[in-house]
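Notes for the one structure printed next.
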Amino acid sequence: MLKLLSALLILFLSAASLAQARPKAELGVGMAAQYLRDYRGSSESQLQTLPFPIIVYRGDVIQADKDGIRGRFLAGNGWELNASAEAALNGGSPDNSKREGMPELNSAFELGPSLNFNLTGQDFEQGWSLRLPVRAVFALDFSSIEYIGVNFNPKFTFRKPEFWRGWDGKMDLGLLWATHEYHDYYYRVDEEFVTDSRAFYDAEGGFSGTYVKFSLKKRMGQWWFAWNLRYDYLGATVFEDSPLMETTNYFSTAAAVGWFFWASD
């Protein structure tokens with residue numbers, strides 16, 4: 001599923017940092033490599049390469065950036081309310097030993113409102129901000145879309161343009177809460193999948209972990225480069241005792257390069 005999804009993946013890049021002369025729209029192609037666990041809590045990991053098309057759009061209300069798609073509908077002095085969406089890729093699970101015989105986990109799509117507060121910068125593209133997104137989550141494949149719950153992801157974000165040698169830096173410090181449907185999708189074990197080493201388990205809604213994420217990106221003419229590193233700590237989560245949990249430490253990292261071949265006037 002993930003290989004098929006990645007072939008069609010659209011990566012939306014930052015309107016603030018992609019170019020000095022900012023056309024309203026750009027098109028490009030790119031290649032990414034990512035190392036990640038099969039799912040949060042799994043100890044099994046994989047390295048994947050992902051080709052993708054790039055679409056950049058800088059509208060007055062609808063904008064797209066590396067954090068996803070958003071529509072800014074209300075704003076005041078130091079705050080904004082937007083609707084945002086993003087993809088939530090995972091490593092997949094067809095060969096995962098803990099989930100042997102269980103349905104494969106698909107990548108997900110998140111959509112919902114976010115109330116954001118600018119704390120220290122002149123705008124949301126620099127300094128500290130507090131973001132409070134609440135999103136419905138849908139698991140995707142090419143035959144169906146399945147609603148799998150809601151998550152709440154309050155986070156502090158720090159952005160630093162020209163952080164190092166032309167690279168723009170970003171750091172996220174976040175907490176996660178989610179409904180029992182969301183946790184069931186990843187950590188529930190139904191009766192039909194019970195084995196001697198895998199007991200029945202019904203997940204609850206509640207605390208889903210903490211994380212820190214570092215990102216760097218740089219635009220050089222028609223070329224764009226990016227890297228990120230994420231760490232999640234899953235201790236004290238409501239699903240920590242799931243038989244599908246192997247570790248409370250989760251790491252992922254990705255690097256990407258893109259080339260733009262078209263820009264609007």
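Rounded to 0.05, the FRET efficiency of the D95 and W262 pair, given R0 = 22 Å and the Cβ-Cβ distance, is 0.05. In the range 108-177, the ratio of gyration radius to Kirkwood radius, Rg to Rh, stands at 1.12 when only Cα atoms are counted. Modelled spin-label separation between F156 and S45, with each label point placed 7 Å from Cα along the Cα-to-Cβ direction: 2.7 nm. Per residue of the chain, the DSSP helices (runs of n ≥ 4 H) give a summed -39500 (n - 2.57) that works out to -1500 deg cm²/dmol at 222 nm. For the pair F214 and T195 in one chain, pulling the backbone fully straight at 0.36 nm per residue adds 2.9 nm over the alpha carbon distance.
Over all projection directions, the Cα-based convex hull of the range 23-163 averages an area of 10.7 nm².
With a Cα cut-off of under 19 Å and a minimum spacing of 8 residues unless on different chains, the lysine pairs in the chain number 17.
Each principal axis of the Cα atoms in the chain has its own extent, and those three values, largest first, are 62, 37, 34 angstrom. Among S252, G41, I55, whose Cα lies farthest out toward the positive end of the dipole of the chain, if unit charges sit on the beta carbon of Lys, Arg (+1) and Asp, Glu (-1)? Going by the Cα projections, it comes out as I55. Residues W227, W262, W177 in ascending order of nearby Cβ atoms (within 10 Å, fewest first): W262, W227, W177. Charging the Cβ of each Asp and Glu at -1 and of each Lys and Arg at +1, and nothing else, the dipole of the chain about its Cα centre rounds to 1480 debye. With Cα atoms as the point set, the range 134-265 shows a radius of gyration and Dmax of 19.1, 64 Å. Annotation for L119 and F225: the two label points, set 7 Å from Cα along the Cα-Cβ direction, are 3.0 nm apart. Residues considered: A108, A136, A25. Largest GNM mean-square fluctuation over the chain, using C-alpha springs under 10 Å, is found at A25.
Here, each number is a calculation from the coordinates, and none is a lab measurement. All values reported here derive from a predicted model rather than from experimental measurement. Heads up, the Cβs are rebuilt from the backbone with ideal geometry, glycines too, and the neighbour counts pull from every protein chain shown.
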